[in-house]
Amino acid sequence: MTRRDVTYTSGGEEVAAWLYPGGSTCVVMAHGFSLTRHDGLSTYAEALNDAGATVLVFDHRYLGDSGGQPRQRVRVKQQAEDYRAAIAYARGLNGVEPDRIVLWGYSFSGGTSVNVAAGDQRIAGVILLCPF
């Protein structure tokens, strides 16, 4: 497993992410509310990557290693935009099939990922853990 740091933009801010290259399916994952990718997401990402998926794990704007001021700001609409920006980034990755994007969400991001998936008919699936 080789993880690398990547960045892309959402709402004019730099979003920090980890990319685990793998297969043609890409799982896009983030914590919700105030947690970051450093709060236990690597274990899930590594398991999904070991199963053959490409995995993109990102910090929402204003949280973790991503940009934006003020810090620790949580806005549902902006977090949905961050998911859509992550999806667009994942769809542009070499080897990833654009219609094989799966969203992964825990707690607050579970609810956000469901709403984002409902608005994008190309999303292949959603994995939810204790969705809010």
Next item on the list: Could you pull out which residues in the stretch 1-27 have an amide N less than 19 Å from a spot 7 Å beyond the Cα of Val74, following the Cα-Cβ vector?
Entry: 16
Notebook entry, point to check: Per residue, how much accessible area does the chain have with a 1.4 Å probe, in Å²?
Noted result: 48 Å²
Check: By how many degrees, 0 to 90 and rounded to 10, does the Cα axis of helix 108-118 deviate from the longest principal axis of the chain?
Finding: 60 degrees
Note to self: With angles folded into 0 to 90 degrees, how steeply does helix 76-91 sit against the dominant principal axis of the chain? Use alpha carbons for both and round to 10.
What the structure shows: 30 degrees
Notebook entry, point to check: Which one of Arg61, Arg91, Arg75 has the biggest mean-square fluctuation once the chain is modelled by GNM with Cα springs under 10 Å?
Noted result: Arg75
Next item on the list: Largest first and in whole Å, give the semi-axes of the stretch 6-132's equivalent ellipsoid, each being the square root of 5 times a Cα gyration tensor eigenvalue.
Entry: 20, 15, 14
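Within the chain, what whole-number % of the accessible surface is contributed by carbon and sulfur, with the 1.4 Å probe and all protein chains included in the calculation?
Summing carbon and sulfur atoms, their accessible area is 49 percent of the total for the chain.
The values are calculated or read from the model by the stated rules, or taken from the named source; none is laboratory data. Note that the structure is predicted; figures quoted are calculated from it, not measured. No Cβ is skipped: glycine too gets one built from the backbone with ideal geometry, and neighbour counts run over all protein chains shown. Accessible surface areas use protein heavy atoms only, side chains included; no ligands, DNA or RNA. Shrake-Rupley method; radii C 1.70, N 1.55, O 1.52, S 1.80 Å.
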